Amino acid sequence: MTNTNVTTHLEMRWLPVTGADGRTRMEAVWVEVGQPVAAHSHAA
């Protein structure tokens, strides 16, 4: 079933990762981001 009230897209985010040697490096990961569809309301 599809939820038509949410739109999603992919974003690349950089995360700090510390290795076994204690050094920190940056790794890119793709995450799916959902955004509620804007509700249209009209003031009376």
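Below, the figures for the structure above:
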read-out: Per-residue HN-Hα couplings for segment 12-19 [Karplus 6.51, -1.76, 1.60; θ = phi - 60°; Hz; x = Gly/Pro]; value: 8, 10, 9, 10, x, 10, 9, x
read-out: Residues T18, T7, sorted so that the one with the fewest Cβ neighbours within 10 Å comes first; value: T18, T7
read-out: Extension reserve of the H9-E27 stretch, reckoned as 0.36 nm per residue once the Cα distance is removed; value: 4.5 nm
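Just so you know, all these numbers are worked out from the coordinates, no wet-lab data involved. Predicted, not measured: the structure shown is a model, and the values here were computed from it. Don't worry about glycine lacking a Cβ; one is built from the backbone with ideal geometry, like all the others, and counts go over all protein chains shown.
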